[in-house]
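Here is the structure we will look at.
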Amino acid sequence: MLLEELKSGGKRAIARALSRLDRLELTLDDADLLDAAYAEPQGIVIGLTGPPGVGKSTLTQALIERIRAADKSVAVIAVDPSSQSTGGALLGDRTRLSLDPEDRKLFVRSLAARNRLGGLSDHAIAAAMLLRALFDVVLVETVGIGQSDADVALIADRSLLCVQPGSGDALQFMKAGIMEWPDVIAVTKADTGPLARRARADVEGALGLAAHKGDGPSVCLVSARTGEGVDGLVDALLTGDAPDRAGQAERLVRDAITRKFGSYGASKLSSSAIQGANGPFGAVLAASEKLKT
């Protein structure tokens, strides 16, 4: 299937393409499609993550409504826990979203986390790259994460970390790792008042101790229930520095090769080989063939 066919084929064509990509191993045709999509990004990928119970799905719903109100198209990848018997998604996140099936500018796909740690599956990575070429905004909502599982940062142009008031999360996030990569931190359930303001203060204190990108993430107080702070959060997510797409491609390739061949295999992978490929997915296939021999 060609990228142009997907652009004109509507939701059914996109769903079929994503189903085809749901394989243990990508084929050369798959890689060609994904690399074509990678080279023509229409939109921005926003990675949304945080611990279980923080309100990611409710906040995703609020973000969808605000972004669609601005007449931007939205795709949502909801990464759910995997079924222990079938390996498929349990569809918990998707059932919590209130969606208009007639909205042609809104597409939602539930994917299983499978056996990959870090809140994101390989299929979700491929899906995000494909959907980025077809929609203005791609929201990737991961399963709940721990202190260092942050795979969503591999594909996100902007990363959003959610923190819940009164749960001790802010203190946990002072530990090294998770505070280093988000672009925006949302303290959810702002309608709890003093608890939310205390959580924001804790996060801001943690940021003073952590190493992070550039000037560090902005911190927003938001309530998906009342709408407080959601517009400001959308603005923070949709503005900012231009994404480092070349660096992103290299990180994707190195991550895939490290998981497949270990750190020794990754050490044999040269930057010139990655940059010389048509895209990251073709580079992974080519590097894998070389390393197998």
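A few notes on this one:
- Among the residues of segment 237-246, those identified as within 16 Å of the chain's Cα centre (by Cα) and either more than 25 Å from GLY216 (Cβ to Cβ) or part of a helix (DSSP H, G or I) (or both) are LEU237, LEU238, ARG245.
- Residue in segment 5-12 that is of a type in the set (Lys, Arg) and in contact with an Asp or Glu (Cβ under 8 Å, 6 or more places away or on another chain) present: no
- Answer residue from segment 75-105, given it is aliphatic (A, V, I, L, M) and surrounded by fewer than 19 Cβ atoms within 10 Å (Cβ to Cβ) and is modelled with the highest pLDDT among those: LEU99
- Candidate set: segment 130-158, residues that are of a type in the set (Val, Ile, Thr) and over 23 Å from GLN42 (Cβ atoms); chosen: the one modelled with the highest pLDDT: VAL143
- Looking across segment 51-74 at every residue that is crowded, with 20+ Cβ neighbours inside 10 Å and among the β-branched types (Val, Ile, Thr), the one that is farthest from VAL152 (Cα to Cα) is identified as ILE67.
- Check on ALA224, modelled with pLDDT under 95, assigned by TED's automatic domain parsing to the domain that holds LEU48, in contact with a Leu (Cβ under 7 Å, 6 or more places away or on another chain) and among the small types (Gly, Ala, Ser): yes
- Pairs where the first residue, in segment 18-45, is surrounded by fewer than 15 Cβ atoms within 10 Å (Cβ to Cβ) and the second is modelled with pLDDT of 95 or more and among the aliphatic types (A, V, I, L, M), C-beta under 7 Å, 6+ apart: GLU40/ALA133
- Residue within segment 22-39 that is in contact with a Gly (Cβ under 8 Å, 6 or more places away or on another chain), part of a loop (DSSP other than H, G, I, E, B) and either on the phi > 0 side of the Ramachandran plot or among the basic types (Lys, Arg) (or both) present: no
The values are calculated or read from the model by the stated rules, or taken from the named source; none is laboratory data. Owing to the predicted nature of the structure, the values given are computational and were not obtained by experimental measurement. Quick reminder, even Gly has a Cβ in these numbers, built from the backbone with ideal geometry, and neighbours come from all protein chains shown.
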